[in-house]
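Heads up, the thing below is written out as structure tokens.
The values are calculated or read from the model by the stated rules, or taken from the named source; none is laboratory data. Keep in mind that this is a model prediction, so the values were computed, not measured. All Cβ positions, even for glycine, are placed from backbone atoms using ideal geometry, and neighbour counts span all protein chains on display. Surface areas here come from the heavy atoms of the whole protein model, side chains and all, with no ligands, DNA or RNA. Shrake-Rupley method; radii C 1.70, N 1.55, O 1.52, S 1.80 Å.
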Amino acid sequence: EETNKLTKELNSIFPKGINWEFEFNIPRMIVLRTKNYIMYDGKKIKLKGSGLKSSTLEPELKNMLNEFIDALVFDKLDTLPEIYNKYIQKALNITDVKSWCTKKTLSPTTYKSERKNETDIVDAIKGSEYKSGDRIYLFAKSKVIELDEVYKAGPKKGQQKTKKVKVYGLMENFDGEYDKQCYVDKVLTTTKRFSTVIDTSIFKKYEVEE
């Protein structure tokens, strides 16, 4: 009925010979930003845009993304903090790391690049039989380094002598140790994809005690 009313109004404004017709009615459409939107036709949710279909997002975070989308489509905004806290707890208690891993395909560039991301990947696969063309699964962990590894002259007087940095680990080498702060931050960052339609300040930033 609303669609028919809108059609009549449009056709009354435009010159004779120009007629508007709507081929379908979309009960709900949520626009996050240009070329990134959620459509619900009454039966199925359709997603458009890299912000909603990121291929680099970890599987567990994709699940969270989908739960947020469902809450937006079906007017369950009050459940968003609950969903967020659920994934925070998951991030703090990872036992099966596969759903938190990122997929990488090794290429000649991986071995040649001097960018930190690639050099970290090369460090992670040292001692393994992986080669160019292989797909690997990586999780985030941390290690403590001496500052003179970063600053050749060593730390200055009064400066801390060590620093914790994020590195990669191979999924098959997971022993229960991982960078909890990294994954807690990833959960919070995922909420920012919806910052144009919800107030993301309601999601608490967690600091993991070491």
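Quick look at the values:
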| read-out | value |
| --- | --- |
| Stokes-Einstein D (µm²/s) once Rh is taken as the Kirkwood radius of the chain over alpha-carbon pairs, at 20 °C in 1.002 mPa s | 102 µm²/s |
| Radius, Kirkwood style, for region 46-156 when every pair of distinct Cα atoms is counted (Å) | 17.3 Å |
| Mean accessible surface per residue for the chain, computed with a 1.4 Å probe while every protein chain stays in place, in Å² | 69 Å² |
| Charge tally in the Cβ shell below 14 Å around LEU80, where Lys, Arg are +1 and Asp, Glu are -1, LEU80 excluded | -1 |
| Carbon + sulfur, % of accessible area of region 22-142 - ligands and nucleic acids excluded, 1.4 Å | 49 percent |
